[in-house]
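Q: Please find one structure pasted underneath; my questions will follow.
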Amino acid sequence: MGEPIHVLHVDDDPDFVELAATFLEREDERFVVETATSVVEGLDRLGEATVDCIVSDYDMPDRNGIEFLETVREEHPKLPFVLFTGRGSEDIASRAISVGVTEYLQKGKGTDQYTVLANRIANGVRAYRAETAVTRSEERYHNLVDTAPIPIIVFDRDREMVYSNDAAVDFFGADDPEELDGRTVTDFLHPDDRELANARFERLMAEEEPLPEVEFRLVTVDGEIKTATVATAPGYYRGRKVAQAMAYR
C-alpha cells in the first residue's frame, strides 16, 4: 500500500468535501482525507494532526484560499498546497503562484477531476518528501562533519570551496570559515602537487567513486606547508554534486 498520505481538504461546501474525500480515497488507497469547512477550522486541523498536503477552495466566507495559503506559508513554506477552485481566473492563478502554491486546478464536472487532483497531490507529496529527506540528510551530514576531528573541505564542480569544518579552519590557520571562502582546490596545494590534484578531481567527478588516498603538500593561509594524506570521495551538498577532501596527518 505504501506510506499513508494525509490530505486536508478545506471547502465551505460540506457536501462537496465529503464527496471529494470519498473519490480521492478511492483513487489512491494511500490517501487519508480530513475535511474542514472554513479556513479557521483548517488551521486548527493543521496544528493538531499530520498533514502531507492541503487542498483548498478559493471562495470561502472567512478568508479566501490565497489568504489561507499565505498563512500556511508562514509556518510551512514547502508543504504541498493545491488550490482547487471553481472560480478560475488568470489573476487568481498569478496571485496563487506568487504566494507559493504547489498546484492550481479548476473544479470540473464528473469524476475525472478527482483522478487529476489525486495525481497532483501524489506528485506534490512525493517531491516534498524527497526534498525533506535531502534536508534531513544534510543536517545529519553537518552534525557529523562539523565536529569531526579531521579537516574536511567540500568543493563544487568549479573546484571552489563551498564548506569547511572547524578542524579544516584550524589546520589551514584561518580565523574562521569565511577566510577560506572562494579558494579553489589548487589554492590549498603546493604548486608541484596541483597537476595531480586536478587530474584526481576530474576523475572523481566523472566516475563518482572514492579515490585511493594520496600524500599532498598543503599550504596554509600564512604559506606554511604541511604534508598530509588526503582521501577524496564524491557527495552531495545542498543538492549539488561535490567532492569531499579529508586530510590525515
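The values are calculated or read from the model by the stated rules, or taken from the named source; none is laboratory data. Worth saying up front: this structure is predicted, and the values here are computed from it rather than measured. Heads up: the accessible areas ignore ligands, DNA and RNA and are worked out on the full protein's heavy atoms, side chains in. Shrake-Rupley method; radii C 1.70, N 1.55, O 1.52, S 1.80 Å.
Q: What does the accessible area of H190 come to, in Å² to the nearest 10, when a probe of 1.4 Å is used?
A: 40
Q: Heavy atoms of the protein only, probe of 1.4 Å, neighbouring chains included. What is the accessible area of T227 in Å², nearest 10?
A: 70
Q: Then there's this: For the chain, what does the accessible surface come to per residue with a 1.4 Å probe? Please give it in Å². Please list the in-between numbers first.
A: On the way: 13300 Å² over 249 residues.
Value returned for the chain: 53 Å² of accessible area per residue.
Q: Taking all protein chains in place and a 1.4 Å probe, what share, in percent, of the accessible surface of region 5-142 do carbon and sulfur account for?
A: On the way: 3220 of 7100 Å².
C and S atoms contribute 45 percent here.
Q: So what's the angle, to the nearest 10 degrees on a 0 to 90 scale, between helix 112-146 and the longest Cα principal axis of the chain?
A: Long axis of 112-146 versus the principal axis of the chain: about 30 degrees.
Q: A follow-up question, please. What percentages, rounded to whole numbers, describe P(r) for region 5-142 computed over all alpha carbon pairs with 10 Å bin width beginning at zero?
A: With a bin width of 10 Å, the distribution comes to 12, 45, 33, 8, 2, 0.
Q: Report D for the chain in µm² per second (integer): Stokes-Einstein, Kirkwood Rh on Cα pairs, 37 °C, 0.692 mPa s.
A: Numbers: Rh = 21.5 Å.
Estimated diffusion coefficient is 152 µm²/s.
Q: Helix 194-207 versus the longest principal axis of the chain: what is the Cα-based angle in degrees, 0 to 90, to the nearest 10?
A: So the inclination is approximately 30 degrees.
Q: Taking only Cα atoms, what is the 0 to 90° angle, nearest 10, from helix 39-48's long axis to the longest principal axis of the chain?
A: Tilt relative to the chain: about 50 degrees.
Q: If you build the convex hull over the alpha carbons only and average its shadow over all orientations, what do you get for region 182-249? Give it in nm² to one decimal. Before the final figure, lay out the partial values.
A: Working: hull surface 19.2 nm².
Over every viewing direction, the Cα hull of region 182-249 projects on average to 4.8 nm².
Q: Can I ask one more? State the extension gain, in nm to one decimal, for the chain segment bounded by V116 and F23, taking 0.36 nm per residue of separation less the distance between their alpha-carbons. Show your work: numbers first, answer last.
A: Working: separation 93, 0.36 × 93 = 33.48 nm, distance 1.13 nm.
Separation in residues times 0.36 nm, less the Cα-Cα distance, equals 32.3 nm.
Q: Reachable lysines from K226, Cα under 29 Å, same-chain residues fewer than 8 places away excluded?
A: K241
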